[in-house]
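S.K.: This is the structure I have questions about; it appears just below.
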Amino acid sequence: MNMFCFQCQETAGCKGCTRVGVCGKSAQTAGLQDLLIYVTKGLSDVATKLRKAGKTVGTDVNHLVTENLFITITNANFDDEKSQHVL
Ligand code: SF4
């Protein structure tokens, strides 16, 4: 599996980890975390637009966004199951 991760300041050569993470992160975990952030950005965008339109969006959405961001915090969680729980 190919890898490219530049999720933190420890990245190899200040360019990106391409074989395995300097932190030990695998290509699969890096990919899942990138995907989780992508999906979470979409979720946040939709929730923001709905609220601007006067619609109610439950606080569970806020909690999910917070949890997703925490899951991907740098080098703190390499649990692929957690990264996939909203995908
Ligand atoms: S999170 Fe790990 S794999 Fe990603 S850039 Fe940082 S050190 Fe490299």
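Here, each number is a calculation from the coordinates, and none is a lab measurement. This structure is a prediction, so every number in the text was calculated from the model and none was measured. When we count neighbours, we look across all protein chains shown, and the Cβ atoms used for this are built from the backbone with ideal geometry, even at glycine.
S.K.: Find the residue count for the range 15-34, including only residues that are more than 10 Å from the ligand (Cβ to nearest atom) and either more than 18 Å from the chain's Cα centre (by Cα) or exposed (fewer than 15 other Cβ atoms within 10 Å of the Cβ) (or both).
M.R.: Counting residues in the range 15-34 that are more than 10 Å from the ligand (Cβ to nearest atom) and either more than 18 Å from the chain's Cα centre (by Cα) or exposed (fewer than 15 other Cβ atoms within 10 Å of the Cβ) (or both) gives 1.
S.K.: I need a count of the residues in the range 51-81 that are touching a helix residue (DSSP H, G or I) at 6+ places or on another chain (Cβ under 9 Å) and not in a loop (DSSP other than H, G, I, E, B).
M.R.: So the answer is 9.
Every residue, every condition in (1) of a type in the set (Gly, Ala, Ser); (2) touching a Gly at 6+ places or on another chain (Cβ under 9 Å); (3) touching a residue at least 24 places away in the same chain (Cβ under 8 Å), yes or no:
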residue: Gly24; (1), (2), (3): yes, no, yes
residue: Leu36; (1), (2), (3): no, no, yes
residue: Val39; (1), (2), (3): no, no, yes
residue: Asp45; (1), (2), (3): no, no, no
residue: Leu50; (1), (2), (3): no, no, no
residue: Val61; (1), (2), (3): no, no, no
residue: Glu67; (1), (2), (3): no, no, no
residue: Phe70; (1), (2), (3): no, no, no
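S.K.: Next up: Please verify whether Ser83 is crowded, with 16+ Cβ neighbours inside 10 Å and in contact (Cβ under 8 Å) with a residue 24 or more places away in the chain, treating the condition exactly as stated.
M.R.: Criteria met by Ser83.
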